[in-house]
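Each value in this text was obtained by applying a stated rule to the coordinates, not by laboratory testing. Source: prediction; values computed, not measured. Cβ placement follows ideal geometry from the backbone for every residue including glycine, while neighbour counts extend to all protein chains displayed.
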Amino acid sequence: MTSRISGFYKLPPGERLKAAANESGLGAEEVSQVEKGLGIEQADKMVENVIGVIQVPLGIATNFIIDGREVLIPMATEEPSVIAAASNGARMAREAGGFSTSSTGPVMRAQIQVTGVVDPFSARQSILLHKDELTRMANDKDPMLVKYGGGVKDIEVYVIDSRVGPMVVVHLIVDCRDAMGANAVNTMAEALAPRVEEITGGRVYLRIISNLADKRLARARAVFKAEEIGGHEVVDGIIQAAALAEVDPYRAATHNKGIMNGVTAVVLATGNDTRAVEAGAHSFASISGRYQSLTHYEKNKDGDLVGTIELPVAVGLVGGATRVHPVAKSTVKILGVKSADDLSRIIAAVGLCQNFAALRALASEGIQRGHMSLHAKNVAVQAGAKCDLIEIVAARMAAERRINVDRAAELIAELEQKTKGEAAN
Ligand code: MEV
């Protein structure tokens, strides 16, 4: 299989789907599910008070090699240029072998907040003394997870001072295997609460997962050869940009937003919880006490650019929408992932690639040129352009550097007039 499908972007959507299906082994039924999208009956089973579905474009980023494997990346996003930029970045990374990834494994934390404890440090030690009993109780809530090698791996206890007095906070450290894990760890935390109250003499309020998934980190690394990305000046420009994001939260926010353009698009395309991954990424970005970038860029001894990323990626393949959303089932198959951990590492690679592509554009021609041609198409559609007119009107507006709905409407009227005139002749 290859992710380097030449001329992919020039194909009509149906042909692209066929090409992706051929490469990834999607069957006729799965292809038709992607074409049909999420039906109202299914949507009605997923959330409450359903009145319809809102559709978001689903595209494929090409050219990715991740851990030596060719991977097509399904991305769901409303933002123009994101998928093209990811494909472009991945093409540049290919020359040095693509992305290599690693992870800490699928481990989440649940918190149990104990208040009103008179002797919090002593209570902390009492809980730790009961670690085996509490672990057994929690694991009894999810024998399936334990059977597959997951379950509680550790218990940590913190004493935290707050404005309403000290609190004891118990962390259940749970290997969630192929689940995102929120349901599993929340059930465990709720089950332990009464026993924790007995042990500590305190009152439990919160029993919930922490989205700062610092034990579920995914990492990716890639070398971008200087000659592939526009030369040594571009390498230096990217390093300058990255250095600002390391020290300036105003820039770090935008830098990380660019990373999340890729991350969230894959999380959404696979039916995972975008908010959980975003909360994890941004809280991890400020774990040092200052909000910082999630990627780093350096020059290696050959003068090439080396990019790295590390961030929490709490995603699953079982238990959430991934298994029930008809399109998500196919996107997971296109990715060819066998575990939630595989998926998290691919997502980290896409985040790095997306960030690299944005920084490269910023360090060379600027971001607007690429953005503008797609933006111009959207504006043309808004103004009522159809079929071939969309491309023509967009190209004219981009060339004139006047991209707005009024100008699009003028051009549509002008071109339609001309077509009518030609037809009359
Ligand atoms: C736009 O969606 C994302 C960028 O602003 C990211 C960045 O500035 O690095 C281009």
Quick one: Phe121, Phe99, fewest Cβ neighbours within 10 Å first, how do they rank? Phe121, Phe99
Do the alpha carbons of any pairs in Lys36/Lys338; Lys36/Lys418; Lys18/Lys301; Lys153/Lys257; Lys141/Lys329; Lys215/Lys329 sit beyond 31 Å of each other, and which pairs? Lys36/Lys418; Lys18/Lys301; Lys153/Lys257
From the phi of every residue in region 100-117, what ³J(HN,Hα) in whole Hz does the Karplus formula 6.51 cos²θ - 1.76 cosθ + 1.60 yield, where θ is phi - 60° and glycine or proline is x? 10, 10, 8, 7, 8, x, x, 10, 10, 10, 10, 10, 10, 8, 10, 10, x, 8
If you average the sequence gap of Cα pairs under 8 Å that are 6 or more apart and divide by the length of region 129-269, what percent do you get for the contact order? 14 percent
Reachable lysines, given that their alpha-carbon falls under 20 Å from the alpha-carbon of Lys420 and they are not under 8 places away in the same chain: Lys386
List residues of region 293-333, by number, whose backbone nitrogen lies under 16 Å from a label position 7 Å along Cα→C-beta of Arg251. 293-299
List the aspartates and glutamates whose Cα lies under 16 Å from the Cα of Lys10, skipping any in the same chain that are fewer than 8 positions away. Asp388, Glu391
May I ask you to give the average projected area over all directions of the convex hull of the Cα atoms of region 107-210, in nm² rounded to one decimal? 5.7 nm²
Quick one: which of 287-293, 110-116, 134-140, 6-12 comes out on top by average Cβ neighbours within 10 Å, and what's the full order, highest first? 110-116, 134-140, 287-293, 6-12
With springs connecting C-alpha atoms under 10 Å apart, model the chain as a Gaussian network and identify which of Ser344, Ser286, Ser103 has the largest mean-square fluctuation. Ser286
Could you tell me the largest-minus-smallest coordinate of the C-alpha atoms of region 31-147 on each of the three principal axes, in descending order and whole angstroms? 58, 48, 31
Relative contact order for the chain, counting Cα pairs under 8 Å that sit 6 or more residues apart, in percent: 19 percent
Mean projection area, nm², convex hull over Cα of the chain: 26.0 nm²
Relative contact order in percent for region 370-424 (Cα pairs under 8 Å, 6+ apart) equals 36 percent
Show me the helices of the chain, taken as full DSSP H stretches, that run 24 Å or more along their long axis by Cα and average 0.5 or above in Kyte-Doolittle hydropathy. 340-363
How large is the translational diffusion coefficient of region 273-319 in µm² per second when you combine the Kirkwood radius over alpha carbon pairs with Stokes-Einstein at 20 °C and 1.002 mPa s? 171 µm²/s
Per 10 Å bin from zero, what fraction in whole % of the C-alpha pairs of region 370-424 is there, up to the bin with the longest pair? 29, 53, 15, 2
Consider just the alpha-carbon atoms of region 165-252 and return their Rg together with their Dmax, both in angstrom. 22.2, 66
At 0.36 nm per residue, and after removing the present C-alpha to C-alpha distance, how many nm does the segment from Val324 to Glu410 gain when stretched out fully? 26.4 nm
Per-selection Kirkwood Rh - region 293-365 (Cα, Å, 1 d.p.): 14.3 Å
Based on the mean of other beta carbon atoms within 10 Å per residue, what is the order of 203-209, 411-417, most packed first? 203-209, 411-417
Non-local amide H neighbours of Ile66 (under 5 Å, H modeled in plane, Pro and chain starts lacking H): which ones? Val71, Phe99
